[in-house]
Structure formats: structure tokens, C-alpha cells
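Bear in mind these aren't lab numbers, they're just calculated from the coordinates by the rules spelled out. Here the structure is a predicted model, which means the values were calculated and not measured. All Cβ positions, glycine included, derive from the backbone under ideal geometry; neighbour counts span all protein chains shown.
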Amino acid sequence: MKKHICRIVCLIGLVLVSYAEAKIISTNKIEDIEVELARADNETLVIFDCNGVIWESAARAFQADAKKVMKSIIRKHLKTMPLKKEEKIQHIMLEKIPKQLLHKKMPTLILVLQSRGVKTLMLTGNRVGKVGNVSLEKCNIRHLSKMGIDFGKSWNLERIVFSCFPNYYNGEVSYATFSDGILFCISWDKGSVLRAFLSKIPSYKFKKIIFIDDKRRHLESVRQVADEIGSEFVGIEYTLAKSKKRSPINLTKIKEQCKFLIEKERWISSISAPHERVFSK
């Protein structure tokens, strides 16, 4: 009887330790992120999502609260257009419409971590491969470089292609890929691709993983990986993109911008003011 009670107590203790070593917090404040990052050391892996964490589109129509509306309008047109024209439109949306930092402190936070010997990684659902002649990998790297961010500084690794994670788009196949400190998951679960990445670098052992993402499901999937490898886990659901005060969505304007994009193959910031900035091909 005593042995049975001891086993139960031990099991409860293990569960409590497990919960103590894994937590997910939700915040829209950069200061809360700074607190957690200050506790990182050279045995910590700090992972950042990009869309909704590091950057957002500079175009109002592509920002968090308007994105669904914009995508539904664009998708309707993409279905019926020739492949070459679709690639031109995709190229403009991906590369020609500027990105902007969601919070101006983020590049400094990443640089400070790297200067302290903390490994930093970008884990994104963004695609790889090409749109026309544009490399999507290099496109992401260019956007980050303009913001003063280089995740490649943390890694002395060659490009890794994960053939077990394929993605099919317009008849072409691409695969989840690690390149220059960025882990592209494409359409796959972030935790699964991270697990595969860590298995490729067995010499790196992380006692702690900190992951900043704007979606809870991605945090949960990475938490499972941390549990499997016995790492402490801190997940930060960063909600600034969703809670940020913005100008109201102008649906009429968005539709006009989409029409101009499809017909003229250009993105303009305003239809009614032709003197405003034009994002061209």
C-alpha cells in the first residue's frame, strides 16, 4: 500500500515538474517578450515567427484585420488568370509591396541575443521555391536584411531540404527547407518540421526553447517537441498585430486596389490620389 502511494506521489510530482517547465503566455507588449528573452543563455533556442511577429505588410489592405478580405478578393481573380500573369501578381504581392516592422525593438532584441551566443531561428509557414524568376527564400532574406535582421549569424550550417515534407503548387513540388537561419515549413505543422531540423543537428542541445508566434496552435505543436527532447518551454502568443489600433478597413478602396493590381499589374496605395506612391512591377 505504501509503495502504491509513493508511486502516485512520484507521478504527481513528475506532472507538476512538467507543467512548471512549460508555459504559454499571451501578450501584446514587447516588454513581456524582453523579460523572457533576458533569461535566455547559450543553451537556449529562441524561435521567431515572421508574419505578425517580426513584420507586417506596409499596405493597409494586407494587415492582420484586413488580410482575409484581401485574400478572398485576390483568390477569386487568381483562379481564372493564366499562370504567367498569376506569377506576376504573386511577385508584386510578395516582393514589391514593402514589409514594415511590427515593433521597432525587434531587430535590437535579436541582435542582443546573438551577441550573447543565444541561437536564434525564424520558423515560418512561408513557401519556398520560385514565383517566376523570384526565389521565395531570398525574398524573405531580403526583407529581413532591410530591417537589420540576419538569422544566419546563429548557424554555421549548409542549406537543408526535408524531402519528407513536400508541397505542391501550380504543378511544381518544393520541400520544407532550412536556409540562412530560416526554417520554412510551407504547409506543414511547425512542430513536425522543427523536430526534423533538430534531428539533423544532434550536436546542438537546448535546455530551453522560447518560441514567439501569433497563433496558439503553432506554440502548442512546438511545446510538444520541447517536451519530447526534455527542454523547458516558454511560448509567447504575441497579439500585437491583432490588437494594434489601425484606421478602419475601407472595402471599396481595397476592391479598387485589387482591380488596379489585376489589370495594370501594379499595387498603388490609393486609387483616389494618383500622386501617391505606386508599387510597380
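What per residue convex hull volume, in Å³, do the alpha-carbon atoms of the range 74-195 yield?
Each residue corresponds to 122 Å³ of Cα convex hull volume.
When the chain is treated as a GNM, springs tying every alpha-carbon pair under 10 Å, which of Gly129, Gly230, Gly191 comes out with the largest mean-square fluctuation?
Gly230
Per residue of the range 171-184, in order, report the coupling 6.51 cos²θ - 1.76 cosθ + 1.60 (Karplus, θ = phi - 60°) as ³J(HN,Hα) in whole Hz, putting x for Gly and Pro.
Going residue by residue, I get x, 9, 10, 9, 9, 3, 9, 9, 8, 6, x, 10, 9, 8 Hz, with x marking Gly and Pro.
Go ahead and set up a Gaussian network model of the chain, Cα springs under 10 Å, then flag whichever of Glu21, Glu36, Glu263 fluctuates most.
Glu263
Given the rule -39500 (n - 2.57) for each run of at least 4 DSSP H residues, summed and divided by the residues of the chain, what is its mean residue ellipticity at 222 nm, to the nearest 500 deg cm²/dmol? Before the final figure, lay out each step's value.
Details: 10 runs with 112 residues, N = 281.
After summing the helix terms and dividing by the residues of the chain, the value is -12000 deg cm²/dmol.
Would you list, by chain and number, the aspartates and glutamates whose Cα falls below 18 Å from the Cα of Lys259, excluding same-chain residues fewer than 8 positions away?
Output for Lys259: Glu86, Glu87, Glu276.
At what distance in angstrom do the alpha carbon centres of the range 171-187 and the range 54-132 lie from each other?
Measuring centre to centre over Cα atoms gives 15 Å.
Out of Thr80, Ile110, Val53, whose Cα points farthest toward the positive end of the dipole of the chain (charges: +1 Lys, Arg; -1 Asp, Glu; placed on Cβ)?
Thr80
Which three numbers, in whole Å and largest first, are the semi-axes of the equivalent ellipsoid of the chain derived from its Cα gyration tensor as √(5λ)?
The answer is 38, 21, 18 Å, longest axis first.
Place a label point 7 angstrom from the Cα of Cys164 along the Cα-to-Cβ direction, then list the residues of the range 207-234 whose backbone nitrogen is under 16 Å away.
Under cut-off, by backbone N: 225-226, 228-229.
To the nearest 20 debye, what is the magnitude of the charge dipole of the chain about its Cα centre, counting +1 on the Cβ of each Lys and Arg and -1 on the Cβ of each Asp and Glu?
For this selection, approximately 780 debye.
If the range 135-275 were replaced by its equivalent ellipsoid, with semi-axes equal to the square roots of 5 times the Cα gyration tensor eigenvalues, what would those be, largest first, whole Å?
One finds semi-axes of 35, 20, 15 Å for the range 135-275.
Return a whole-number percent for the relative contact order of the chain, with Cα pairs under 8 Å and 6 or more residues apart as the contact set.
Computed over the chain, the figure is 25 percent.
Work out, step by step, the length gained on full extension between Lys84 and Glu228: first 0.36 nm times the residue separation, then minus their alpha carbon distance; give nm to one decimal.
Gain on stretching Lys84 to Glu228: 47.4 nm.
Can you compute the FRET efficiency between Ser115 and Glu265 using 1/(1 + (r/R0)^6), with r the Cβ-Cβ distance and R0 = 45 Å? Round to the nearest 0.05.
After rounding, the FRET efficiency stands at 0.55.
In nm, to one decimal, how far is the Ser203 label point from the Ser187 one, both placed 7 Å along Cα→Cβ?
The two pseudo-label positions are separated by 3.6 nm.
With springs only between Cα atoms under 10 Å, which of Ser192, Ser163, Ser135 fluctuates most in a Gaussian network model of the chain?
Ser163
Residue by residue through the range 135-149, which ³J(HN,Hα) values in whole Hz follow from phi under the Karplus form 6.51 cos²θ - 1.76 cosθ + 1.60 (θ = phi - 60°), with glycine and proline marked x?
Coupling constants for the range 135-149: 7, 5, 4, 5, 4, 5, 5, 5, 4, 5, 4, 5, 8, x, 10 Hz.
What nm distance separates the two modelled labels at Arg217 and Leu157, each placed 7 Å from Cα along Cα→Cβ?
Roughly 2.5 nm, to one decimal.
Using 0.36 nm times the number of residues separating Arg195 and Lys255, minus their current alpha carbon distance, what extension gain do you get?
Working: separation 60, 0.36 × 60 = 21.60 nm, distance 4.13 nm.
Between Arg195 and Lys255, full extension yields an extra 17.5 nm.
Here are some pairs, Lys23/Lys244; Lys190/Lys242; Lys85/Lys255; Lys205/Lys244; Lys79/Lys130; Lys85/Lys253; which of them have Cα atoms lying more than 29 Å apart in this structure?
Working: Lys23/Lys244 24 Å; Lys190/Lys242 21 Å; Lys85/Lys255 19 Å; Lys205/Lys244 37 Å; Lys79/Lys130 19 Å; Lys85/Lys253 23 Å.
In this structure, Lys205/Lys244 lie more than 29 Å apart at Cα.
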